[in-house]
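A short reminder: the numbers here are calculations on the coordinates, not readings from a lab. Note that the structure is a prediction, hence the values are computed from the model and not measured. In this analysis, Cβ positions are derived from the backbone assuming ideal geometry, glycine residues included, and neighbour counts consider all displayed protein chains.
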């Protein structure tokens, strides 16, 4: 595909300029990162100005032997508006508002950030949500408890002939460990 053919396949944008920016229109190809932009009092003049600049760009590319990037296709999500109507309970609405206020952001930004985090985690195959997180946390706690039991048994053997897990039944209760680990250490070592 030649540079001219690639250029013809690029998406063209013609947008009005605000009065603060001088009014009129600008025409450009987003894929060219605004290296060549046309301006005019109306859309047609902006397009003509862009085309005259593109001839110079094409000549320069031909002289250097450089190639334009292949045209990008519209992403799969391009047809989606980005708007979703969501119904939630009043209590959840209140909680979400409170969280947004605490973070100093809008409710819309908070929900967007949460949805983005969730979608990213799920796409990556990671656990997301209270149920999956709790399951993962329980596995982590169980592994940590096993390591702590081993270490406590090792330490207790240097003080006694019985393993530390023999000193208390609370060691077999992971919830008790998580809620108050100092209680377990007091029972074992005091």
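Label-point separation (nm) for residue 45 and residue 20, each offset 7 Å from Cα along Cα-to-Cβ?
2.3
If you take the beta carbon distance between residue 93 and residue 67 as r and set R0 to 45 Å, what does 1/(1 + (r/R0)^6) give as a FRET efficiency, to the nearest 0.05?
With a Förster radius of 45 Å, E is 0.25.
Which FRET efficiency, nearest 0.05, do residue 105 and residue 13 yield, Cβ-Cβ r, R0 41 Å?
The value I calculate is 0.85.
Taking Rh as the Kirkwood radius computed over C-alpha pairs, what is the Stokes-Einstein D of region 82-126 at 4 °C in a medium of viscosity 1.567 mPa s, expressed in µm² per second?
Value of D from the Cα-based Kirkwood radius: 112 µm²/s.
How do 36, 120 line up, fewest other C-beta atoms within 10 Å first?
So the residues, fewest neighbours to most, are 120, 36.
Per 0.36 nm of contour for each residue apart, how much would the distance between residue 85 and residue 112 grow if the chain were fully extended, relative to their Cα-Cα spacing?
Computed gain between residue 85 and residue 112 is 8.4 nm.
Tell me, what is the FRET efficiency for residue 121 and residue 74 to the nearest 0.05, using R0 = 25 angstrom and their Cβ-Cβ distance as r?
That gives a FRET efficiency of 0.40.
Order these by the 10 Å Cβ neighbour count, fewest first: 11, 90, 6.
Neighbour counts put them in this order, fewest first: 90, 11, 6.
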